Ligand code: F3S
C-alpha cells in the first residue's frame, strides 16, 4: 500500500509508539485487502469497551500515548456509570470498567458509550463521508440508511483509525463493492419488530452478499431501519443493505446486474421467528432506544395505567436520556428501569435470567449465545410492554 511521506514517518515511529503501532495495523489490513492507499475518515466508533468482553486486555490501551486524530465514540460498556450498584455490578468489575473508560478517555475519545452514535447531534455522519466504525448495527445503519462509508471494523482497527485519522481504501469505501448480490422480495406489510424478524432472516440468507430489499407495504421509519440493521448485522456477515425507494443509494438507482439470486419472504417466514417463551425479563433498547422509542414506550406504559409486574429494562444513550428526563422519569414511575452506557448483552448484570422478551432481532441471536443460554422471544414493542403487566 502506498504511504505518503508523512504516513511513512508515522510508520517509522517518528510520532511515537502508539501512532507507529496504529499505522502498522492499518498497513497490515491495507496490504491484506489490496488497498492502494489510506483515506481520511470523519470519525471512528470503537467497540471492545465492556470489561466483560475485553477483560484485562485493556491494559494495552493504558500504555498508549498521544490522542485521537478524529472524533471518536465508544460502544456500550459493562455498566451504567451512575446505577451500577443498583444493577448488582461488583466493586471489582466497576473499578476495572472505570479503568477501561479512563484509558480510552485519556486518548481523547468521547466517553459516550452507545451503539447509536448516529443519533447523537454532532456525531451523526453525512452521506458519503468515510468512517471507521466498529459495531455491526451502527456500521449497517451508517452505510445503508445514511449512505456513509465504513467497513466493519474490529476494536483494534477502529482504534488505529481513530489515532491516525485514516483507514485503508478497500471494501465498502468503494462504489463497486456496494452493489447488491441478492434480491429479497417481501410480500407482506411490516411494522415494528417485523423489521427485526426480517433482518434476522436476511442476515442468514445474505451470507456476504449485499441484499437489495423490495418491500410491498408502507415504508419503514428510522427506528425500524435501526432494528433491520442490527438484526442483519447479528445473523449475517454483510456491512450494508439497500431498500428500494428508501435508502439513499437505492433511491438514486442501483446497478442490479450483479444480483445472483432472488428470494421471497412471506408472512409465515416472519412469524416463524416469533417463538414463544414465558419471560422472566423484558428488555428493549438493542440498539439503544431513540427519542421516539422512549416516547412510544412511555405511551404504552401510560395506556397500561399500572406498575409493571416483571423486570423490565430499557437501554438508551445517556445523552438521549438526559434530553428526555421528563419521559424517563415517567417511564420509571411504572417500575421500568432505564439504563444507560451499557446493554443487556455486554453487561454481566443480566446473566441470571433464563428467558427474555424483546423487540430486538440482535438480542434474539446474541443472548442465547453469550448471555448464559437464555431463551429469547421476539415480539412487538407494544406486546413487550403489555407482557410486562402480566
Ligand atoms: Fe447495542 Fe448492545 Fe444491542 S451494543 S446493538 S444494545 S447488543
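Can you pull the percent of Cα pairs in the chain with separation above 27 Å? Kindly include the intermediate steps, with their values, before the conclusion.
Values: 37180 of 75855 pairs.
Tail fraction, whole percent: 49.
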Structure-based [θ]222 nm, the chain - -39500 (n - 2.57) summed over DSSP H runs of at least 4, per residue, nearest 500: -10500 deg cm²/dmol
Likely footprinting exposure, 227, 242, fewest C-beta neighbours within 10 Å first: 242, 227
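Just the number, please: Stokes-Einstein D of the range 171-260 in µm²/s, Kirkwood Rh from C-alpha pairs, 37 °C, 0.692 mPa s. Present the calculation step by step, with values, prior to reporting the outcome.
Values: Rh = 12.9 Å.
The Stokes-Einstein estimate is 254 µm²/s.
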Span from the the range 1-26 Cα centroid across to the the range 201-262 one, whole angstrom: 37 Å
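Would you mind calculating the relative contact order of the range 281-388 from Cα pairs under 8 angstrom and at least 6 residues apart, reporting the percent as a whole number? Present the calculation step by step, with values, prior to reporting the outcome.
On the way: 172 pairs, mean separation 35.3, N = 108.
RCO, the range 281-388: 33 percent.
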Residues 159, 15, sorted so that the one with the fewest Cβ neighbours within 10 Å comes first: 15, 159
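Give the order of 58, 389 when sorted by the count of other beta carbons within 10 angstrom, beginning with the fewest.
Numbers: 58 20, 389 17.
By the 10 Å Cβ count, ascending, the order reads 389, 58.
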Radius of gyration and Dmax over the Cα atoms of the range 40-121, both given in Å: 12.9, 42
Volume in Å³ per residue [convex hull over Cα atoms, computed for the range 242-323]: 188 Å³
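Can you tell me the order of 178-188, 4-14 when each peptide is scored by its average per-residue count of other Cβ atoms within 10 angstrom, highest first? Could you put the intermediate results ahead of the total?
On the way: 178-188: 19.1, 4-14: 13.3.
The packing order, highest mean first, is 178-188, 4-14.
Per the Kirkwood formula on distinct C-alpha pairs, the Rh of the range 214-265 is how many angstrom?
Its Kirkwood hydrodynamic radius stands at 12.4 Å.
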Column: log10 I(q)/I(0), Debye, Cα scatterers of the range 310-390, q = 0.14, 0.15, 0.20, 0.23 Å⁻¹: -0.49, -0.56, -0.98, -1.22
Equivalent ellipsoid, the range 5-175 (semi-axes from 5 times Cα gyration tensor eigenvalues, Å): 27, 20, 12
Equivalent-ellipsoid semi-axes of the range 1-83, from the Cα gyration tensor, Å, largest first: 28, 15, 13
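Read-outs throughout are calculated quantities, based only on the coordinates presented, and are distinct from any laboratory measurement. In this text, all values refer to a predicted model and were calculated from it rather than measured experimentally. Cβ atoms come from the backbone with ideal geometry, glycine included; neighbour counts cover every protein chain shown.
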